[in-house]
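**Student:** So that we are looking at the same thing, I have put the structure below in structure tokens.
The values are calculated or read from the model by the stated rules, or taken from the named source; none is laboratory data. Predicted model only: the values in this text are computed from it and were never measured. Methodologically, a virtual Cβ is constructed for each residue, glycine included, from the backbone with ideal geometry; neighbour enumeration extends over all protein chains shown.
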Amino acid sequence: MTPIGNAQSPQADERRGDDRVVSVLINAGVAQAGRNALCRIRNLSESGMMIETRMPLVVEEEIVIQLRSGLCVCGVVRWTKDHRAGIALHDAGAEMILIDHGQTDASGEAGVFPRFPRNAPAFLTVNHRRSRCTLTAVSLGDAILACSHDIALGQIVTLAIEGLEERLAKITQIDEDVVRVSFTQPLHFKMLEQWLEIDTYQ
């Protein structure tokens, strides 16, 4: 993923000013100081958002939110409570984020972003032949692998990442020893969220 005072209560922060709060459920990523994790945007206003994430956040720290289109927006944490946080955005608002999300839903490749850099062992099965490779990045919808296999674009393979369930995938990009595979079915949000958390904080 691209790195992306006293806290007021969530209720007080959401009601502040004339902002109209819109309830949403948007998968996204959150990054701060070299850490990153999945998150869900739960509501939006013209000046901020409320997110849900298992990544520990601290009031007044700067963070980056990456949307499904790859767009990154910056903000500062205003409050945290029970895996939720209020974020004041610097240069984006609800309309911009909703338009971007709508365009992604209509024409984008679902689940490609947010994408998280990781280094983990994996196994690629091609034509019943299982070979070891290295995961270098993963999202809900795809994975980037460092490997050298006799494979072709469009080929269906099975990818097993240590700690995650096996997934059928399609070869969508080959560049020297780097291969991109797109999952035929996205990874489960909670499973990837927990895997990322273990990998980051173990």
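**Student:** Could you grab me the full set of residues in the range 124-146 that are within 17 Å of the chain's Cα centre (by Cα) and either surrounded by fewer than 20 Cβ atoms within 10 Å (Cβ to Cβ) or under 17 Å from ILE156 (Cα atoms) (or both)? Explain how you work it out, then say what you get.
**Tutor:** Initial filter on the range 124-146 (within 17 Å of the chain's Cα centre (by Cα)): 135-144.
THR136, ALA137, GLY141, ASP142, ALA143, ILE144, listed by residue number.
**Student:** Now for a different question. Do we have any residue at all in the range 65-85 that's more than 13 Å from the chain's Cα centre (by Cα), closer than 17 Å to PRO186 by Cβ and surrounded by 14 or more Cβ atoms within 10 Å (Cβ to Cβ)?
**Tutor:** Checking the range 65-85: not a single residue is more than 13 Å from the chain's Cα centre (by Cα), closer than 17 Å to PRO186 by Cβ and surrounded by 14 or more Cβ atoms within 10 Å (Cβ to Cβ).
**Student:** State yes or no: is GLU193 modelled with pLDDT under 90 and not β-branched (Val, Ile, Thr)?
**Tutor:** No.
**Student:** Would you call ASP150 of a type in the set (D, E, K, R), touching a Ser or Thr at 6+ places or on another chain (Cβ under 9 Å), under 21 Å from ILE171 (Cα atoms) and outside the structural domain of LEU25 (by TED's automatic domain parsing)?
**Tutor:** no
**Student:** Oh, and also: Which of the strands (runs of 3 or more DSSP E) found entirely inside the range 107-180 contain at least 1 residues meeting this: among the hydroxyl-bearing types (Ser, Thr, Tyr)?
**Tutor:** Working: elements: 116-126, 129-138, 142-146, 156-161, 167-175.
Counting at least 1 such residues, we get 116-126, 129-138, 156-161, 167-175.
**Student:** For the range 52-69, which residues satisfy the criterion of being in a strand (DSSP E or B) and within 25 Å of ARG20 (Cβ to Cβ)?
**Tutor:** GLU52, ILE63, VAL64, ILE65, GLN66
**Student:** Within the range 35-51, does at least one residue satisfy the condition of being outside any strand (DSSP E or B), modelled with pLDDT of 95 or more and not assigned by TED's automatic domain parsing to the domain that holds GLU197? Step through it out loud before you land on a result.
**Tutor:** Quick first cut of the range 35-51, residues outside any strand (DSSP E or B) only: 45-47.
Next cut, modelled with pLDDT of 95 or more only: none.
No, the range 35-51 contains no residue that is outside any strand (DSSP E or B), modelled with pLDDT of 95 or more and not assigned by TED's automatic domain parsing to the domain that holds GLU197.
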